[in-house]
1. Only one of Phe74, Phe110, Phe123 is of a type in the set (Phe, Trp, Tyr) and within 15 Å of Leu151 (Cβ to Cβ); which?
2. Select from region 36-67 the residues that are of a type in the set (Val, Ile, Thr) and in contact with a helix residue (DSSP H, G or I) (Cβ under 8 Å, 6 or more places away or on another chain) and write down the one among them that is surrounded by the fewest Cβ atoms within 10 Å (Cβ to Cβ).
3. Tally up the residues in region 29-67 that are among the aliphatic types (A, V, I, L, M), in contact (Cβ under 8 Å) with a residue 24 or more places away in the chain and not in a helix (DSSP H, G or I), please.
4. Would you mind stating whether Glu205 is surrounded by fewer than 20 Cβ atoms within 10 Å (Cβ to Cβ), in a strand (DSSP E or B) and either within 17 Å of the chain's Cα centre (by Cα) or modelled with pLDDT of 95 or more (or both)?
5. Which one is nearest to Tyr13 (Cα to Cα) among residues in region 170-202 that are at pLDDT below 95, open to solvent by 70 Å² or more (accessible area, probe 1.4 Å) and of a type outside the set (Ser, Thr, Tyr)?
6. Out of the residues in region 8-28 meeting the condition of being without any contact (Cβ under 8 Å) to a residue 24 or more places away in the chain and in a helix (DSSP H, G or I), tell me which one is surrounded by the most Cβ atoms within 10 Å (Cβ to Cβ).
7. Taking the residues in region 68-87 that are touching a Leu at 6+ places or on another chain (Cβ under 7 Å) and of a type in the set (Val, Ile, Thr) as candidates, determine which candidate is farthest from Leu57 (Cα to Cα).
8. Within region 81-91, which residues are farther than 10 Å from Glu11 by Cα and of a type in the set (A, V, I, L, M)?
Amino acid sequence: MTYEATRTRVETYFDKTATRTWEQLTSDAPVSGIRATVRAGRDRMRDVLLSQLPLDLHGARVLDAGCGTGTLAFELAKRGADVVGVDISPQLIGIAQKRRPDRVAGSLTFSAGDMLNKRLGLFDHIVAMDSLIYYTAEDVGQILDGLAPRLSGNMAFTVAPRTPLLMMMWRAGKLFPRSDRSPTMIPHQSFKIAAATKGKIREIERVSSGFYISQALEFRA
């Protein structure tokens, strides 16, 4: 499946099926035990990605690629960054707009659209938390190389690692497809992503919390 086809499927899923789920998962509302582990894992991963950027981001322009409901973007703006949050789901962007803090040290701009849109401009840093997990290694490489000309610093992003549990879940998803389920995550090995891009890939940290398993990587052009 090509980048464009996968992007369209993910957009449809989040706008028509999963908006309410993600609105609840990314809030303080009580959630079930399984979703609580996912929330805890995402909270930990957010901290991991933030740790790869300077504490003081005043004067820095940062792209939150696949910003969802805006939680990571808010933290970046609190550090002083001028944040551009983009997501393919207008529904999730709407939630981010409603949740935006009244005051931040930097600035926040949200828009619905493609993270690869050149009109978004140049950036000192880019973060992409769980927004590349549905793409093949070749697609991820193309995404990274597409962003590279507009990136002066580093990009911290996540992929689904190729673990026995995730491979079992992936195979089950392939065997029992349902039209209303989430797009299938693609488990990755870091060296294959490194081989698919012209830039450099560095492993940061893996987070495992219940059903949330994610690998943080750094990209530099």
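The values are calculated or read from the model by the stated rules, or taken from the named source; none is laboratory data. In this text the structure is predicted, and so the values were computed from the model without any measurement. A quick note on method: Cβ atoms are made from the backbone with ideal geometry, for glycine too, and the neighbour counts reach across all protein chains shown. For accessibility, only protein heavy atoms count, side chains too; no ligands or nucleic acids. Shrake-Rupley method; radii C 1.70, N 1.55, O 1.52, S 1.80 Å.
1. The unique qualifying residue is Phe123.
2. Looking at the filtered set, the residue picked out is Val38.
3. 7
4. It is true that Glu205 is surrounded by fewer than 20 Cβ atoms within 10 Å (Cβ to Cβ), in a strand (DSSP E or B) and either within 17 Å of the chain's Cα centre (by Cα) or modelled with pLDDT of 95 or more (or both).
5. Within region 170-202, the match that is nearest to Tyr13 (Cα to Cα) is Asp180.
6. Top of the filtered list is Leu25.
7. Per the criteria, the residue is Thr69.
8. First, the residues of region 81-91 that are farther than 10 Å from Glu11 by Cα: 81-86.
Within region 81-91, Ala81, Val83, Val84, Val86 meet the criteria.
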